[in-house]
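Below is one structure; the comments refer to it alone.
Taken together, the values in this text are just the output of simple stated rules run on the coordinates, not laboratory data. Because the structure is a prediction, the values reported are computed rather than measured. Cβ atoms come from the backbone with ideal geometry, glycine included; neighbour counts cover every protein chain shown.
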Amino acid sequence: MRFKLLKNIKVGLLSMLLPLFAFAEVHANTKDVHNIIDICTSSEHIMRDYALIGMRITYSNPQKDLEKTQKHLNEEFKDLEKHKVSAEELILHKEWSSIEEELKQKPTKEGTLTLHHHIDAFAQHCEELAEHLAKDTKNPAEHYVVMITNLNLNVQELAEIYIMKSWDSIGDEEYFKKVKEIFKNVLKSYDELQTADSKFVSDKVKGHLKIMKKHFMMFEFMAESHSGRYIPLLITKKAEKISEEVEKILKEEESEVEK
């Protein structure tokens, strides 16, 4: 009887551990990394457009852009799920499904701040998963691919909270604390990219990053202003310009290290 009980316990444990072993045997590839970093950045784009809708700013049709990005993000999740990389991805997808329900609500100042907190947590979780996948590819350069993407993610988040501040959806204390935190993250990532081994981040890519940093400093000046005058349309245009530049740098980095 005792032997039978022990045998049943072993069988039960094995059935629980097999799915974990299956995940452990699957290694991420560069496409998995691309999928997840795209999801990370897309979430911040969606938050920015949601805030613009709340302010009734029609530049570039934020409602249409939000729906387009939302559809693209869901397609990226479906693509990622074709290759089961980890249980974390399933948790992240569940988090996103909850956020999608919030997006159905009409934007209000209070609701937008709550959504911002949820997307901020989602984006942080997304960044962590991106790093795990990058490490799992066994290609050290993928870490820097993720870092370049994080620059774009930080820019979009900065534009997002700037728009929210324009709408009085976020208070001064939280806003300026977040601005300081974002700039600290950007400069840390930038310094690490600039000092990286040239076989992982080429001198050409580093040169492009220097130009991008100059544009970002202009962005910083607007975000840190205490004048009380905010120009959401201008910050949106600048965020889009920097986003385009970072995307070009990212593609160049990928072409050089993912051969």
One finds, for R229 and L187 with R0 = 22 angstrom and r their Cβ-Cβ distance, a FRET efficiency to the nearest 0.05 of 0.30
Of K64/K248; K138/K184; K94/K237; K82/K251; K109/K248; K82/K204, which sit over 30 Å apart, Cα to Cα? K94/K237; K109/K248; K82/K204
Segment T114-F176, length gained on full extension (0.36 nm per residue, minus Cα span): 20.6 nm
Once H93 and E128 are pulled to full extension, the length gained, defined as 0.36 nm per residue separation minus their Cα-Cα distance, is 11.2 nm
Two pseudo-spin positions, 7 Å from Cα along C-beta at E100 and at M222, lie apart in nanometres by 3.2 nm
The Cα extents of the chain along the principal axes, largest first and rounded to whole Å, are 78, 47, 32
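When ranked by the protection proxy of mean other Cβ atoms within 10 Å per residue, highest first, what sequence do the peptides 237-247, 183-193, 101-111, 44-54 form? Intermediate results must be reported in sequence, preceding the final value.
Values: 237-247: 17.9, 183-193: 15.5, 101-111: 12.3, 44-54: 25.7.
By packing density, highest mean first, the sequence is 44-54, 237-247, 183-193, 101-111.
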Sticking with the crude label model, points 7 Å out along Cα→Cβ, report the distance from K135 to N61 in nm, one decimal please. 4.3 nm
Which residue, chosen from H118, F200, N61, occupies the Cα position most advanced towards the positive end of the dipole of the chain, where the dipole is computed from +1 (Lys, Arg) and -1 (Asp, Glu) charges on Cβ about the Cα centre? H118
